[in-house]
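All remarks here apply to the structure that follows.
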Amino acid sequence: MARSHATVGARRTRRWAPSLDHVSVGNVRTARPTISPRRIAANVSLMPESVASPDTVMRMLKRRNVLVMMVVGGLVTSCASSEGPQAAPATTVAAAIATTAAPAPAEPPASTQAATTTEAPVTTVSYVDEWERIVAPSDCMCSDKSEYSFFVRKADPAKVVFFLEGGGACFDAAGCGPKSTNFKRTVGYEGGMTSNEGLFDLANPKNPFADYSMVFVPYCTGDVHLGNATHDYGDGVVVEHKGSINATTALKKMAETFPDATEVVVTGASGGSVPSPLYAGLTHDVLPTARISVFADGSGAYPDIPVINATIGAVWGTMNAVPAWSEYAAITLETWSLPGLFVKSGAHDPTIAFARHDYAFDETQQFFASLAGIPADRLVDLIDKNEAQIEAGGVELDSYISPGHDHTVIGTPEFYTEKVNGVLLVDWVRDLIAGKSIDDVHCQDCGS
């Protein structure tokens with residue numbers, strides 16, 4: 001809920017009582033992400049008249065190679081049969097987590113108060129840190145038709161993290177072409193899951209997710225896990241935008257593997273955080289009794305602009321993946337939006353707890369907003385207005401806004417040390433996933 005910059009915010013009671021600019025994950029550094037859901041949304045008025053028509057928008061996007069992704073997307077199609085839960089693929093490869101120590105924490109932004117210690121409760125870790133690679137059926141694939149796979153870590157079967165990887169996007173021949181580095185193209189992780197930073201520092205006793213089972217959903221389709229189309233961009237560039245099929249297949253596997261889960265946290269970094277509210281709603285469909293929380297990291301300042309929704313949504317085929325919910329009965333390319341993912345999922349399951357984290361002057365979000373012709377010097381204002389739009393739609397959105405220009409935090413050592421207004425982020429997240437009432441945290445001196 002949007003608050004004054006000068007205060008942490010008044011405490012309130014939840015409705016639910018009982019619930020990567022280059023983020024290093026495994027042996028792959030994800031490409032600078034793009035898209036994102038929530039804050040700019042209410043600011044259609046910020047879009048210059050010069051980008052008011054579809055033709056003008058497309059020329060502008062192609063000319064600047066913009067990776068704006070206000071798509072239309074989501075769900076229910078998954079790889080293989082649509083008849084009931086998908087059977088576990090026959091081919092699996094166990095991949096042990098590397099035991100090397102996590103790299104030393106990077107220097108925090110000057111305007112962020114880095115905590116040297118934390119009083120957070122200690123988690124006793126008693127589970128084997130091992131990941132299993134699940135090779136998905138053949139109709140799941142990366143952008144180049146290469147094989148798709150995802151990873152599962154079995155720990156406490158009652159508590160599960162569903163993590164969506166980020167890594168850029170593409171929507172035209174230049175950005176999707178073979179020489180472009182705009183998005184992550186293959187699954188990677190040939191040596192198995194080896195990450196041990198942030199959320200994935202499973203040996204850290206202060207990690208609130210240390211004993212959670214996990215499903216890690218790699219990204220390789222250029223559509224922030226929201227597309228369902230094969231698109232010919234010309235010049236020999238054909239892209240399989242099958243992000244929705246891949247991710248919903250992983251979601252069904254999660255429900256099959258952990259059918260008695262009582263707590264599910266849907267999260268992601270950058271482009272992976274964009275669809276997190278949608279996949280929370282889909283989690284409710286497959287695990288209807290679980291308490292569901294969302295923590296979206298680094299995607300709070302992108303607008304709900306109908307012409308962009310339609311332009312990008314058309315090439316990604318996101319309308320082919322819209323959930324079969326009553327909330328989407330009247331949806332169109334123009335009216336589907338990223339902020340709308342929160343509103344629609346919140347209406348679909350009012351018990352979902354939605355939260356997000358952003359840096360007030362995130363340079364990655366500023367970059368992509370400016371490419372779209374949106375004034376982004378005061379990015380924090382766009383973030384606040386986008387949150388206001390979501391809450392005006394009837395959804396409570398808890399927010400933690402840190403000062404500075406960084407992009408994401410959940411996959412970094414700073415997840416444990418970031419502190420704003422005396423509140424450690426890791427403690428705030430711990431309370432979120434425990435179903436406790438939490439306050440909005442908003443930097444007072446956010447920088448510029």
What FRET efficiency, computed as 1/(1 + (r/R0)^6) with R0 = 25 Å and r the Cβ-Cβ distance, is obtained for Ala174 and Asp445, rounded to the nearest 0.05?
0.05
Relative contact order %, the range 345-448, counting alpha carbon pairs below 8 Å whose residues are six or more apart
34
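Distances over 26 Å make up what percent of all Cα-Cα pairs in the range 291-420? Provide the component values of the computation, followed by the final result.
Numbers: 2179 of 8385 pairs.
Percent of Cα pairs beyond 26 Å in the range 291-420: 26.
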Once you charge only the Cβ atoms, +1 for Lys and Arg and -1 for Asp and Glu, what is the size of the charge dipole of the range 287-402 about its Cα centre, to the nearest 20 debye?
320
Once you treat every alpha carbon in the range 186-280 as an equal point and sum by Debye, what is log10 I(q)/I(0) at q = 0.10, 0.16 Å⁻¹?
-0.34, -0.80
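Before anything else, pin down the relative contact order of the range 160-318: Cα pairs under 8 Å, at least 6 apart, normalised by residue count, whole percent.
Working: 285 pairs, mean separation 44.5, N = 159.
Reported relative contact order: 28 percent.
Given the alpha-carbon gyration tensor of the range 133-179, what are the semi-axes of its equivalent ellipsoid in whole angstrom, ordered largest first, with each equal to the square root of 5 times an eigenvalue?
Working: eigenvalues 171, 42, 10 Å².
Listed largest to smallest, the semi-axes of the range 133-179 are 29, 15, 7 Å.
Only the coordinates and a few stated rules stand behind these numbers; no lab work does. Quantities reported herein were computed from a predicted structural model and do not represent experimental measurements. Reconstructed Cβ throughout: ideal geometry from the backbone, glycine too, with neighbour counts over all protein chains shown.
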